[in-house]
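No value in this document is a laboratory result; all are computed from the given coordinates. Everything quoted here is computed from the prediction, not taken from an experiment. A quick note on method: Cβ atoms are made from the backbone with ideal geometry, for glycine too, and the neighbour counts reach across all protein chains shown.
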Amino acid sequence: MKKEKKPRNITGIIVAVLYCFVLYAILIQAPEGESPVNPPWAYAMIPLGATAITLLFDYVIKFDFFRKKN
């Protein structure tokens, strides 16, 4: 017997990708001529946050703006 795969929540994936771009833009900001000085854990927030957002939309919120049920 094959288990039927649950479709992924497209809204959660799009929000997670937007989160990655915005957080990356925030982390690379620095004054002209200087390199950004951030703690090492700040860069780990990109994949951890994206994972948390997709899990939140898949299992908690369960609303998909792009796949509406009639």
### Task
Of the listed values (1) 14.2; (2) 13.1; (3) 12.7, grab the one calculated as Kirkwood radius over Cα pairs in Å from the structure here.
(1)
### Task
Counting helices only, and only those DSSP H runs with n ≥ 4, report the 222 nm mean residue ellipticity of the chain as the sum of -39,500 (n - 2.57) divided by its residues, in deg cm²/dmol to the nearest 500.
-16500 deg cm²/dmol
### the chain - percent relative contact order, Cα under 8 Å, separation 6 or more
51 percent
## Note on the structure
Going fewest to most other Cβ atoms within 10 Å around each Cβ, 18, 23 line up as 18, 23
### Query
What is the helix-to-structure angle for 40-55, meaning the angle in degrees between its Cα long axis and the longest Cα principal axis of the chain, kept from 0 to 90 and rounded to the nearest 10?
20 degrees
### Sites residue 5 and residue 48 - FRET efficiency at Förster radius 25 Å, r taken between beta-carbons, to 0.05
0.50
### Query
With each label point set 7 Å from Cα along the Cα-Cβ vector, what nm distance links residue 37 and residue 18?
3.4 nm
### Residues in region 15-30 that a label on residue 56 would reach, taking backbone N under 17 Å of a point 7 Å out along Cα→Cβ
15-24
